[in-house]
1. Among what's in region 98-131 and is touching a strand residue (DSSP E or B) at 6+ places or on another chain (Cβ under 8 Å) and farther than 26 Å from residue 10 by Cα, pick the residue that is surrounded by the most Cβ atoms within 10 Å (Cβ to Cβ).
2. Return the total of residues in region 45-61 being exposed (fewer than 15 other Cβ atoms within 10 Å of the Cβ) and either outside any strand (DSSP E or B) or at positive phi (or both).
3. All but one of (1) on the phi > 0 side of the Ramachandran plot; (2) over 15 Å from the mean Cα position of the chain (by Cα) hold for residue 102, so report the exception by its number.
4. Among the candidates 85, 92, which residue alone is assigned to a strand (DSSP E or B), in contact (Cβ under 8 Å) with a residue 40 or more places away in the chain and closer than 18 Å to residue 135 by Cα?
5. Looking at this structure, is residue 81 over 24 Å from residue 110 (Cβ atoms), touching a strand residue (DSSP E or B) at 6+ places or on another chain (Cβ under 9 Å) and at pLDDT below 95?
6. Evaluate the following for residue 64: is it in contact with a strand residue (DSSP E or B) (Cβ under 6 Å, 6 or more places away or on another chain) and either outside any strand (DSSP E or B) or buried (at least 18 other Cβ atoms within 10 Å of the Cβ) (or both)?
7. Filter region 24-44 for residues that are within 15 Å of residue 110 (Cβ to Cβ) and buried (at least 19 other Cβ atoms within 10 Å of the Cβ); which is nearest to the chain's Cα centre (by Cα)?
8. Do you know which residues across region 98-139 are touching a residue at least 12 places away in the same chain (Cβ under 8 Å), farther than 21 Å from residue 35 by Cα and outside any strand (DSSP E or B)?
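The values are calculated or read from the model by the stated rules, or taken from the named source; none is laboratory data. Values in this document were obtained by computation on a predicted structure and should not be read as measured data. No Cβ is skipped: glycine too gets one built from the backbone with ideal geometry, and neighbour counts run over all protein chains shown.
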C-alpha cells in the first residue's frame, strides 16, 4: 500500500493482491485514526459480500469469483476496545455491468484500489446491541 496525507484526508493506493478490508483496517490501526469516513473505488477478485439476516442474527455471505469493478466502497471507522472496526459496504459490477452490493467482507485488489479516509476528531466506540447482536455505534 502507498499512502499520503492530502490535507485533511489520507489517500491510499492498495497494491495488487492486498485484501481491501484487512489493508484498510491495518492502516487505521497503525495511524491511530479515532473515527472517520471511508470512500473508495477500484477493481477486485475473490469478493465476499453479505447482508445481515435479522431473524438469524447473522450475515449471509456470497462469494464472487472472477474480476469485478468496484463502483463504490463506503464506510466508517470506530473502535471495539483496542481493535479498529472499519464498517465497509461495496457495490461491484462484472462484465455484464450487473451491480451487486452489500457488506464488504473480503476482496483482493486486481488492478488498483484507491481509498480515501477522512479522519474524525472524536474516538467512536462500537458495542454489542443485545437485540440484534450487531456491534452498533455508541453515539
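1. Across region 98-131, the extreme among qualifying residues is 100.
2. Residues that pass the stated criteria total 4.
3. Of the numbered conditions (1) on the phi > 0 side of the Ramachandran plot; (2) over 15 Å from the mean Cα position of the chain (by Cα), the odd one out for residue 102 is (2).
4. The unique qualifying residue is 85.
5. Against the criterion (over 24 Å from residue 110 (Cβ atoms), touching a strand residue (DSSP E or B) at 6+ places or on another chain (Cβ under 9 Å) and at pLDDT below 95), residue 81 qualifies.
6. no
7. Among those that are within 15 Å of residue 110 (Cβ to Cβ) and buried (at least 19 other Cβ atoms within 10 Å of the Cβ), it is 40.
8. 132, 133
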